[in-house]
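Below is one structure, written out as structure tokens; the observations come after it.
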Ligand SMILES: Nc1ncnc2c1ncn2[C@@H]1O[C@H](COP(=O)(O)OP(=O)(O)OP(=O)(O)O)[C@@H](O)[C@H]1O
Ligand SMILES: Nc1ncnc2c1ncn2[C@@H]1O[C@H](COP(=O)(O)OP(=O)(O)OP(=O)(O)O)[C@@H](O)[C@H]1O
Ligand SMILES: [Mg+2]
Ligand SMILES: [Mg+2]
């Protein structure tokens, strides 16, 4: 009865979609959210974007509940946490609003709440971690020493990438130490410099940085220590900067964590609202890069981020 | 009388602060039903003694017994619980709360739902009434009443505690004669109910009027305990200052009124200067070499007028001429640039900058007029500091101590030094002799006269009519925030002239 | 005679003035909050829906509790930066215990006790070792957050059979066909309101509460007046930390899960709420009711920003500007009000 | 004569004991010892031909401390006026973002540096204006600026983590963060020089005294003719400017700005450094030297965490423990322990005397 706002929109014909997002944080996140926004726009949706701060799940829950109250036509959920969504999803289910999770999957216990989720769209973190392990296994068949640079303790990305690594890494590969560098280039440089000092005698041969930012920082520390090329650095994400560093020989291997799946998401929403069936798990393909494939990718100028 | 059992016995009290022995083996014995005065110059250690008794400072040696029991209080709360109520020298109340709340803090009346505010405020009212403050609504914010009234509120607060010992550190320093009498009436009543009262004041008249027994301190040392009635004044003064009373500088008779040439221009000429709600428009002129006294009762607006002249508050009406030139003095910085200085009555909140040293406190106003990036050369600074420390006789004579560690009276002297260092043409002194010992008071009065004779214009605000009459050429009388009269001082003018003027003039509001 | 008639008039004038001067910031907060709601309704049409109001309270019960908790130290001129981290550590331990089969009531009590322990630690550092509240609670914040991460960095969920659910169960008052027009609440909201009342009574009807205001006015005066300053300080920091634990209970009951990273930055949201509600950060002036209101104001700033369609990079700027506009407006209203 | 000298000596000794800096230096030495025990090569220095400077754990620690030195210095002045500047971390990000974005946009490196400094100064001035002239509370004002500044950094880079590693001609900036002067990290040298300059500015002019006066008693300061509003404005402006330098150090070291991470949480570290250095959050007397040592301690704690290989989950807890220990060491209660004991003994004996 109330309001003529854009959100109760069935009359205007344009469907409204609420996007519970993380917010622009550089690299992967910005590319991903921009892509989703533009994809929905060109697919003719009205997208309301609601980011959080400090990865705070609470603000996401608030935004989600607000979208339910606004009676949007669908909700895209890019959650910072994989649990804690039951109550909100139940409300969405009651209001018959379909929810599409992107990037991170969420754990739902409540059967009522499960009904709200139509589909998950995104690449796999574990897969990325596995690729890193496989690379090390392949390059150091006789075993090697190295470090892992992690994101902030407790994030599920960190765990999933770590779990993937652990699942696949060979027994003779020894991780001397895992340190958090908080996703930050600058901190990674400091941390790596410290680790290189500390383990000089153990001859570290690889560094697995859980994202590009940290890998680039590690590369600078390695360079400053005069070890460029002697320590192989593996990173996850696949930003342009990282690929460039790969070409320049600062990094050794980059595993893409493909953020470009706005089109797929928009299509899934469109299909569902149009009454078509939608796959419940839409896995987004990611690639891995070495120096040559990185150069190709950069030269073709096809990378959006 | 002597067979009374003492209620408080302090023996051999020694307190050392870094660099000074504030107390050195001092004894003090308080008897029930007596008013006992601590006597001594500024910095003698009176306040420190009180703080030692009430557990604010820890003692380094000595013993304290209260009602026969050895005691070591860990703060005012403990002392209070043992029946000792204290009003410290610097008013210690909370300006963010109302008058009533301040009176009753910690002793609020309680009902079934916690504090019963109605009863509490009623109780506050009765205590305020005792102090002659029945006209103050307990709901008024404390910040909106003058320092003098705050002092009375602090005393009312001490009454709430059913104390066996009541300590009043210079309670009368900002009160006028009537209020002092009201206070004494209460003190007598309390004393007669068997309470021991410890009292500090620099007014000898008051001492002889109200006290029974005296303990005299000098430089932190115990000199003597005597009965008031057996001790003549000169002897007392001699014991306090360590030299005979005759040596005290004496100011002669009343100042002769300075003649003003017909063609002479005043330094300051204001017309209709006022600010809504604080002071009604006032006309005033002050000539070089003239001392203009402001007289009036508490809350009559003397301070407010002084602040307007200095630009501490922004006037909202009136014309301000300085040496014939129209100016607008809207803040202290401008006033100082125009060679006007103002020494506040509210030393703690508006005067001293506590953590800075005495030296810095003297130099700061001069420095501010010169500008931040033109530091006073060290040599010049040393000379200035040295000059005013000596001139004002600041003790201890160490300029590198934080000013907050000085005794109240010495802080006041430093502040006057600060303003003199700016070489003002007009100096406004608001209660400059408040809390100052008899020796120093005479010195300050002499300084005022000297300054005037050298051509400075002085505004002298004081609650002691006696000194206003003695020092001023002209006396502006204020009542209820109006200027009601301007009295040319002369042989026929005395304190009673002013009192009568105030009593007989009605102010239209 | 003239006197007698003049006095009551003067008195009345003084009384109203007092209310004005101290309450104006809080009243300003109420007015601006209502204006914001009306603006949201006019522009987007959903802000006065019962469902919106219901979720506003349910989703921010925790923030109301934290705002009340934060009011206590701020009134004394202190601060408690550890509240967010205490939410984290109590949440992690609480869910771990629940998973180990400890009955929910025991879990809740233990959570509150852990909060109290951190509060006691902070108060001890402040009172016994002269640490400034900012630094003491910053330390306990790091400590609590660190211990929480040591215990577990997993995303923890409650087992199926726990009584925390009871707190989160929605109780519907007005049932409409559409969920967005329902009016409902849960026990968490009730707890928040009880905490608010508790805060009010503590501050305005107990002597400790008055001591808190006195400390905010001048700590040294409060001490010289013989008020139980130390006891009040302990009460403050223990209460605020325990309330943080309570906020944690309410929050995790709603979510059914938690992890060590929960509550990052909540202390700043709580401080913002308190300040928006009219409490002065240097102490002495303010009301808990204002803080609760401040929490609500803080809460609707984010949805408003997103409804305005602010570009992603600009969101924090706009949030900042909105708080700034609020504070400036409040300041202006207060200045005008106290001049009168 | 000899007596006097003796007395002076004990006085100097007492002063040393009672100074915050002494406690700080002791804490610093203890941390270094701890690290040396764990890693015997901790104090080892070597010459790195690659970079043309000394290398070793201590050197990287000093390199990191440069940015803390900058923000702690600004923060000291702000705190001395009884204020606080929570926005320094965000200002670092803004300045860094501006410089990196300008460089990738083809701007001359010196112009980019200047741009970053001007932006930092501008943000500081806004803080100052809001606090001084509008009379807003510093905490909330700079909290807002902390939020908005982070957003501004994102706006400048359109949400990207702008990378200027491969921009030609940016050597001066790179050198600022990574280079060496006589073997010592350039950024550390620059930072120390700036701290000394600020120190001279404060102590050789009346600025320091005015700042302290405003922090101790603003109303009394106003009555002495100081203009507290100007002083307040000034300190926030300085803090913004120095934070911009810190931002350049942080970003130039990797030639990349991270819109989320650059400067994140550093306001808290700066405040810790200031307080450890003996400046009270209630305002008043300040010690730039104390803050500077405090800043180095913060860098050292972080270095210790890496050296000891403390699990990343436990890092905050370790940090908290060190800070608590340092602060407790500085507590008057602990510091005056011996004096207190002596006093108690004297009291007991005098009590006995009274009893007898
Ligand atoms: N906290 C302190 N630290 C250092 N010195 C102090 C401190 N308090 C007082 N003193 C010193 O102790 C001495 C005694 O001071 P006290 O305040 O007791 O004097 P007083 O007799 O009350 O003087 P007045 O009449 O001026 O109030 C003074 O020399 C003063 O400088
Ligand atoms: N900030 C304020 N707000 C409102 N009223 C005030 C304020 N300050 C003072 N007053 C009132 O203004 C009146 C004049 O005060 P003022 O201090 O000028 O009096 P005075 O004549 O100097 O007396 P004394 O200083 O001896 O108390 C008093 O009634 C006082 O209560
Ligand atoms: Mg005294
Ligand atoms: Mg006065």
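Given the structure, is residue B:417 farther than 23 Å from residue D:231 by Cβ, within 16 Å of ligand 3 (Cβ to nearest atom) and surrounded by 23 or more Cβ atoms within 10 Å (Cβ to Cβ)?
On the way: farther than 23 Å from residue D:231 by Cβ: yes; within 16 Å of ligand 3 (Cβ to nearest atom): no; surrounded by 23 or more Cβ atoms within 10 Å (Cβ to Cβ): yes.
In short, no.
In region A:16-36, which residues are at the interface with chain D (Cβ under 9 Å from one of its Cβ atoms) and either assigned to a helix (DSSP H, G or I) or farther than 27 Å from residue A:210 by Cβ (or both)?
Quick first cut of region A:16-36, residues at the interface with chain D (Cβ under 9 Å from one of its Cβ atoms) only: A:23-27, A:29-31, A:33-34.
Passing the criteria: A:27, A:29, A:30, A:31, A:33, A:34.
Just wondering, is there one or more residues in region B:30-38 that are away from ligand 2 (no atom under 16 Å from the Cβ), surrounded by fewer than 24 Cβ atoms within 10 Å (Cβ to Cβ) and within 13 Å of chain D (Cβ to nearest Cβ)?
No, that holds for no residue.
Take residue B:413 and tell me if it is touching a residue at least 12 places away in the same chain (Cβ under 8 Å) and more than 16 Å from ligand 4 (Cβ to nearest atom). Break it down stepwise before answering.
Details: touching a residue at least 12 places away in the same chain (Cβ under 8 Å): yes; more than 16 Å from ligand 4 (Cβ to nearest atom): yes.
So residue B:413 passes the test.
In region A:48-88, which residue that is part of a strand (DSSP E or B) and more than 9 Å from chain C (Cβ to nearest Cβ) is farthest from residue C:87 (Cα to Cα)?
So in region A:48-88, the residues part of a strand (DSSP E or B) come out as A:48-50, A:74-77.
Restricting the remaining residues to those that are more than 9 Å from chain C (Cβ to nearest Cβ) gives A:74-77.
On the way: A:74: 32, A:75: 29, A:76: 28, A:77: 25 Å.
Ranking the candidates gives A:74 first.
Can you pull out every residue in region B:339-392 that is part of a loop (DSSP other than H, G, I, E, B) and away from chain D (no Cβ under 11 Å)?
First pass over region B:339-392, keeping only residues part of a loop (DSSP other than H, G, I, E, B): B:339, B:344-346, B:352-356, B:371-377, B:392.
Matches in region B:339-392: B:339, B:345, B:377, B:392.
Do the conditions hold for residue A:154, that is, is it buried (at least 23 other Cβ atoms within 10 Å of the Cβ) and in a loop (DSSP other than H, G, I, E, B)? Step through it out loud before you land on a result.
Working: buried (at least 23 other Cβ atoms within 10 Å of the Cβ): yes; in a loop (DSSP other than H, G, I, E, B): yes.
Considered against the rule, which asks whether it is buried (at least 23 other Cβ atoms within 10 Å of the Cβ) and in a loop (DSSP other than H, G, I, E, B), residue A:154 comes out as yes.
I'm told residue B:463 meets every condition in (1) buried (at least 18 other Cβ atoms within 10 Å of the Cβ); (2) in a strand (DSSP E or B); (3) within 16 Å of ligand 2 (Cβ to nearest atom) except one. Can you identify the failing condition by its number?
All conditions are met except number (2).
Okay, residues lined up against (1) within 16 Å of ligand 3 (Cβ to nearest atom); (2) modelled with pLDDT of 90 or more:
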{"position": "B:8", "(1), (2)": "no, yes"}
{"position": "B:18", "(1), (2)": "no, no"}
{"position": "B:25", "(1), (2)": "no, yes"}
{"position": "B:33", "(1), (2)": "no, yes"}
{"position": "B:40", "(1), (2)": "yes, yes"}
{"position": "B:44", "(1), (2)": "yes, yes"}
{"position": "B:52", "(1), (2)": "yes, yes"}
{"position": "B:55", "(1), (2)": "no, yes"}
{"position": "B:71", "(1), (2)": "no, no"}
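Does residue C:220 count as within 11 Å of another protein chain (Cβ to nearest Cβ), under 30 Å from residue A:88 (Cβ atoms) and assigned to a helix (DSSP H, G or I)? Steps first, answer last, please.
Working: within 11 Å of another protein chain (Cβ to nearest Cβ): yes; under 30 Å from residue A:88 (Cβ atoms): no; assigned to a helix (DSSP H, G or I): yes.
So residue C:220 does not fit the description; no.
Which is within 21 Å of the chain's Cα centre (by Cα), more than 16 Å from ligand 4 (Cβ to nearest atom) and either more than 8 Å from every other protein chain (Cβ to nearest Cβ) or more than 22 Å from residue C:214 (Cα to Cα) (or both), of B:44, B:123?
When all the criteria are applied, what remains is B:44.
Residue B:270 fails exactly one of the following numbered conditions: (1) closer than 30 Å to residue B:207 by Cβ; (2) modelled with pLDDT of 75 or more; (3) more than 16 Å from ligand 4 (Cβ to nearest atom). What is the number of that condition?
Just one mismatch for residue B:270, condition (1).
Can you pull out the residues in region B:220-260 that are modelled with pLDDT of 90 or more, part of a loop (DSSP other than H, G, I, E, B) and surrounded by fewer than 18 Cβ atoms within 10 Å (Cβ to Cβ)?
The answer is B:232, and nothing else.
Pick from D:60, D:73: which is in contact (Cβ under 8 Å) with a residue 12 or more places away in the chain and more than 24 Å from residue D:199 (Cα to Cα)? Full working, then the answer.
Numbers: D:73 fails: more than 24 Å from residue D:199 (Cα to Cα).
Within the list D:60, D:73, the selection yields D:60.
Looking for something surrounded by 21 or more Cβ atoms within 10 Å (Cβ to Cβ), within 14 Å of chain C (Cβ to nearest Cβ) and free of Cβ contacts under 8 Å to residues at least 24 places away in the same chain - is there at least one such residue anywhere in region A:117-138?
Within region A:117-138, none of the residues are surrounded by 21 or more Cβ atoms within 10 Å (Cβ to Cβ), within 14 Å of chain C (Cβ to nearest Cβ) and free of Cβ contacts under 8 Å to residues at least 24 places away in the same chain.
Among the residues in region B:429-438, are any surrounded by fewer than 22 Cβ atoms within 10 Å (Cβ to Cβ), within 16 Å of ligand 2 (Cβ to nearest atom), free of Cβ contacts under 8 Å to residues at least 40 places away in the same chain and under 21 Å from residue B:176 (Cα atoms)?
Taking every residue of region B:429-438 in turn, none turns out to be surrounded by fewer than 22 Cβ atoms within 10 Å (Cβ to Cβ), within 16 Å of ligand 2 (Cβ to nearest atom), free of Cβ contacts under 8 Å to residues at least 40 places away in the same chain and under 21 Å from residue B:176 (Cα atoms).
Restrict the check to region C:206-217 and report whether at least one residue is within 14 Å of another protein chain (Cβ to nearest Cβ) and more than 23 Å from residue B:100 (Cα to Cα). Don't jump to the end; show me each part of the working.
Let us first name the residues in region C:206-217 that are within 14 Å of another protein chain (Cβ to nearest Cβ), namely C:206-217.
Subsequent filtering for residues that are more than 23 Å from residue B:100 (Cα to Cα) retains none.
There is no residue in region C:206-217 that is within 14 Å of another protein chain (Cβ to nearest Cβ) and more than 23 Å from residue B:100 (Cα to Cα).
Could you grab me the full set of residues in region A:37-47 that are within 10 Å of chain C (Cβ to nearest Cβ) and more than 29 Å from residue C:265 (Cβ to Cβ)?
Within region A:37-47, the subset within 10 Å of chain C (Cβ to nearest Cβ) is A:37, A:46-47.
Hit for region A:37-47 is A:46, nothing else.
Could you say which residue among D:322, D:293 is touching a helix residue (DSSP H, G or I) at 6+ places or on another chain (Cβ under 6 Å), under 30 Å from residue D:221 (Cβ atoms) and surrounded by 18 or more Cβ atoms within 10 Å (Cβ to Cβ)? Let's see the steps before the verdict.
Details: D:322 fails: under 30 Å from residue D:221 (Cβ atoms).
Just one listed residue meets the conditions, D:293.
Evaluate the following for residue B:180: is it assigned to a helix (DSSP H, G or I), away from chain C (no Cβ under 14 Å) and surrounded by 18 or more Cβ atoms within 10 Å (Cβ to Cβ)? Lay out the reasoning, then the answer.
Numbers: assigned to a helix (DSSP H, G or I): yes; away from chain C (no Cβ under 14 Å): yes; surrounded by 18 or more Cβ atoms within 10 Å (Cβ to Cβ): yes.
Spelling it out, residue B:180 is indeed assigned to a helix (DSSP H, G or I), away from chain C (no Cβ under 14 Å) and surrounded by 18 or more Cβ atoms within 10 Å (Cβ to Cβ).
The values are calculated or read from the model by the stated rules, or taken from the named source; none is laboratory data. As the structure is a prediction and not an experimental result, all values here were calculated from the model. So basically every Cβ, Gly included, is an ideal-geometry build from the backbone, and we count neighbours across all protein chains shown.
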